[in-house]
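The values are calculated or read from the model by the stated rules, or taken from the named source; none is laboratory data. What you are looking at is a predicted structure, and each value in this text was computed from that prediction instead of being measured. Reconstructed Cβ throughout: ideal geometry from the backbone, glycine too, with neighbour counts over all protein chains shown.
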Amino acid sequence: MSANSVVDIHSHFFPPISRREAAALDPVAAPWLQANGTDTAMIMTGDQPFRPVYSALWDPARRIEEMDRCGVDIQLMCATPVMFGYRYPAHVAVPWSQRMNDYALELCAHRPARLKALAQVPLQDIDAACREASRAKAGGHVGVQIGNHLGERDLDDEGLITFLIHCANEGIAVLVHPWDMMGAPRMKKWMLPWLVSMPAETQLGILSLILSGAFERIPASLKLCFAHGGGSFAFLLGRIDNAWRHRDIVREDCPHPPSSYVNRFFVDSAVFDPRALKLLVDVMGEDRVMLGSDYPYPLGEQQVGALIRATDLADAARRKLLGANAAAFFGLGDNKS
């Protein structure tokens, strides 16, 4: 890839999973794709409609067309979170993750220099998750995507720390994505789980690692990125530091001010406002923000890369955000389209 290549690190796919194939995970509520005979479909969970979608989710040719229109050279695909399967027993979740990861590579095979995949892993079984992360890396995935929690277990859970240590030791990049959002009974409508809970879930994941002392145990070599601009973290970092300075309960497991840990992780650029992006770059530094669009969903960036291109940044910083940071983070080498 060239020095000016544009890399979108946060996009999603959903393969053409049939109802019969989904039944191997759960015959009642597993996700599958109900085709409409056009370029649209409905993601189903069992008999229940979950989300209307269109063909870019499963058609790599359509994806390449839209990448070309937006000036995106390389795109990293990861599972739509409803595919995670974390609540199922490991004996069905492991083959499910393997099949979804194989699907991802099949889509990437259309244009392997331009389409890359992040694997999913069965986090409910940490040993199996570590094995699948390593298998996926050997098979061609450039990293893994995980949810920011596993039921009541946040990223400071011993098992999840073990998984992150494994990824650090194996050189496997990790993208953390919010999912299964908090406060559902109070999120009546207006997509409030995505507008309120999703940023909070992402910040919770970050603070779970900082305030618990987990970062003191995880090798600094871990390549860790949080989606959706790190949620509300950047905007509320002053509040967090203030609490650390004045309340011993906040700092009892965290030996350094929370702001000193911004060099331990990256964030994507999916914040949708130039002022928010400038704050994010100011807090995280221009070396730790990467283009992420949440493509091809309606709440994602519709013209991928437009925010970074339109924000008042130095040319060198803009190049880093658009692609250079991602190339280093994911170890992307020379690519030919």
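If the condition is being loosely packed, with under 15 Cβ neighbours inside 10 Å and either assigned to a helix (DSSP H, G or I) or aliphatic (A, V, I, L, M) (or both), then the stretch 168-199 contributes 169, 170, 184, 185, 186, 191, 195. Within the stretch 24-46, the set of residues being within 18 Å of residue 87 (Cβ to Cβ), loosely packed, with under 14 Cβ neighbours inside 10 Å and without any contact (Cβ under 8 Å) to a residue 40 or more places away in the chain comprises 27, 28. Contact map, the stretch 101-116: first residue not assigned by TED's automatic domain parsing to the domain that holds residue 141 and of a type in the set (Asp, Glu), second residue surrounded by fewer than 18 Cβ atoms within 10 Å (Cβ to Cβ) and at pLDDT 95 or above, Cβ cut-off under 8 Å, separation 6 or more or different chains; the map is empty.
State all residues of the stretch 87-126 that are of a type in the set (Gly, Ala, Ser) and touching a Pro at 6+ places or on another chain (Cβ under 7 Å); if no residue qualifies, say none. 90, 93, 97, listed by residue number. Screening residue 117 against (1) closer than 20 Å to residue 87 by Cβ; (2) touching a helix residue (DSSP H, G or I) at 6+ places or on another chain (Cβ under 6 Å); (3) surrounded by 20 or more Cβ atoms within 10 Å (Cβ to Cβ); (4) of a type outside the set (Ser, Thr, Tyr) leaves a single unmet condition, (1). Of all positions in the stretch 157-166, at least one carries a residue that is of a type in the set (Asp, Glu) and surrounded by 15 or more Cβ atoms within 10 Å (Cβ to Cβ).
Restricting to the stretch 208-223, name every residue that is within 23 Å of residue 147 (Cβ to Cβ) and surrounded by fewer than 21 Cβ atoms within 10 Å (Cβ to Cβ).
Across the stretch 208-223, the qualifying residues are 208, 212, 213, 217, 218, 219, 221, 222, 223.
Within the stretch 302-337, the residues that satisfy the criterion of being of a type in the set (Asp, Glu) and modelled with pLDDT of 95 or more are 312, 315.
Looking across the stretch 23-48, the residues that are touching a Pro at 6+ places or on another chain (Cβ under 6 Å) and not β-branched (Val, Ile, Thr) come down to 33, 42.
Counting the residues of the stretch 139-152 that are surrounded by fewer than 15 Cβ atoms within 10 Å (Cβ to Cβ) and either part of a strand (DSSP E or B) or free of Cβ contacts under 8 Å to residues at least 24 places away in the same chain (or both) gives 1.
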